[in-house]
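Peer 1: Next up is a structure, given as structure tokens.
The values are calculated or read from the model by the stated rules, or taken from the named source; none is laboratory data. Predicted, not measured: the structure shown is a model, and the values here were computed from it. Glycine also receives a Cβ, built like all others from the backbone with ideal geometry; neighbour counts cover every protein chain displayed.
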């Protein structure tokens, strides 16, 4: 390992002294919800997923957290825990456009276990009645896919048709054409389709996979 030169050490010293440390507005001095992470990040309507809240507690006082979501005519599903002991994670069902809420309270700031249905349904109005310090509230909207999760296909798993597959498909198509011609002759002989063969035709190529 090559030791740093005096000029490099001087440049590093000037750089650090010029930065002056972190900016005050980027520091957290009290309990704060930093983020809410969904896993998976995108789900279909009605599918369950895990929501994990990242809660900063710079003072180390601890407190309580709560994750919940409310649906009309169905009520609210609530998950509670204690900071530093229980991981703030809850399994919720993706329903758009209903948000999922996260709240954390320092000791003595609020009693999450006593929350009423009205407070859970309108947490922003509830927040107006709580102390300014020691209470933090956040929400997350679920990212909904247009198709169910089970219909999503990894393009890397798509099989690429081989040359012999196309040859077999052409041969099958020729047989289907011969069958269709013979069936047309039967149709001329039996215009009322009494034999019913016309309704038994099957498109044998309907399940063939086509790759871009």
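Peer 1: Run residue 41 past the list (1) part of a strand (DSSP E or B); (2) within 12 Å of residue 140 (Cα to Cα); (3) in contact (Cβ under 8 Å) with a residue 24 or more places away in the chain and report the number of the one that doesn't hold.
Peer 2: Only one criterion in (1) part of a strand (DSSP E or B); (2) within 12 Å of residue 140 (Cα to Cα); (3) in contact (Cβ under 8 Å) with a residue 24 or more places away in the chain is unmet by residue 41, namely (1).
Peer 1: Right, something else. Looking at this structure, is residue 90 more than 19 Å from residue 144 (Cα to Cα) and crowded, with 19+ Cβ neighbours inside 10 Å? Please lay out each step first, then the result.
Peer 2: Values: more than 19 Å from residue 144 (Cα to Cα): no; crowded, with 19+ Cβ neighbours inside 10 Å: yes.
Answer is no for this residue.
Peer 1: Follow-up. Hey, can you tell me all the residues within the range 58-69 that are surrounded by 16 or more Cβ atoms within 10 Å (Cβ to Cβ) and over 12 Å from residue 117 (Cβ atoms)? Break it down stepwise before answering.
Peer 2: If we filter the range 58-69 for residues that are surrounded by 16 or more Cβ atoms within 10 Å (Cβ to Cβ), which is where we start, we get 63-69.
63, 64, 65, 66, 67, 69, listed by residue number.
Peer 1: Take the range 113-131 and flag every residue that is in contact (Cβ under 8 Å) with a residue 12 or more places away in the chain, under 27 Å from the mean Cα position of the chain (by Cα) and either assigned to a strand (DSSP E or B) or surrounded by 12 or more Cβ atoms within 10 Å (Cβ to Cβ) (or both).
Peer 2: Residues satisfying the conditions are 120, 121, 123.
Peer 1: Could you tell me whether the range 70-83 includes any residue that is crowded, with 18+ Cβ neighbours inside 10 Å, at pLDDT 95 or above, more than 20 Å from residue 29 (Cα to Cα) and touching a helix residue (DSSP H, G or I) at 6+ places or on another chain (Cβ under 8 Å)?
Peer 2: no
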